[in-house]
Amino acid sequence: DNTAPYFFRPYTADDTNFILSSWGNSYYKGQNYQHSISPDAFHQFHRPIRENFFRRPSATAIVCASKEDSNLIIGWIAVEMPDNMDNLILHYIYVKQAFKGERISSKLIEMALPTRPVLFTHQTERALRIMSRPDSKHKYKQFHYIPHLV
């Protein structure tokens, strides 16, 4: 869509800190972890998972950025295609709150995940609600949650 105020591009090294930070903060808040684990304890154990993602040669991310400033990230998707697997692994999708409802996450999924089935490693309460909606069930039928692939 040429009228959209954003575009999609591969991630760069300059994007890594934002992706790592937004992934951790979004996932912590999206799981209601604040009731059972402090942010410091959560990040102590989850930060290495996020950092290790970018060390793997099979890992990549697609960024949705502002057309006005390509360094202003609106959202992103982190995916991986390990050599020893036939499935693409979706690790996380993030979209800034102000842009939710504009189908950015759906567009990122369509771009990054051209084949099915898809394995995914992180599930938030919001993602579960979206995937469970009657109008979405067929779309996500071949998505399989396997948190141990991180």
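Quick rundown of the values:
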item	result
The chain: calculated mean residue ellipticity at 222 nm from DSSP helix runs of at least 4, using -39500 (n - 2.57)	-10000 deg cm²/dmol
Portion, in percent, of the accessible area of the chain that falls on carbon or sulfur, probe 1.4 Å	52
Around Ser26: net Lys/Arg minus Asp/Glu count, Cβ-Cβ under 12 Å	+4
Solvent-accessible area per residue, Å², over the stretch 69-150 with all protein chains present [probe radius 1.4 Å]	57
The chain - Rg over Rh from alpha carbon coordinates, Kirkwood radius	0.94
Max mean-square fluctuation residue, GNM over the chain, Cα-Cα springs under 10 Å, options Gly30, Gly75, Gly101	Gly101
Rounded to 5, the percent of DSSP beta bridges in the chain classed as antiparallel	75
Built amide H within the under 5 Å cut-off of Phe143, gap 5+	Val118
The stretch 28-55 versus the stretch 108-145: alpha-carbon centroid distance in Å	21
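The values are calculated or read from the model by the stated rules, or taken from the named source; none is laboratory data. A quick note: this is a predicted structure, and the numbers were derived from the prediction, not measured. Every residue, glycine as well, gets a Cβ built from its backbone with ideal geometry; the counts of neighbours run over all protein chains shown. To get the accessible areas, we keep the full protein, side chains included, count just its heavy atoms, and leave off ligands, DNA and RNA. Shrake-Rupley method; radii C 1.70, N 1.55, O 1.52, S 1.80 Å.
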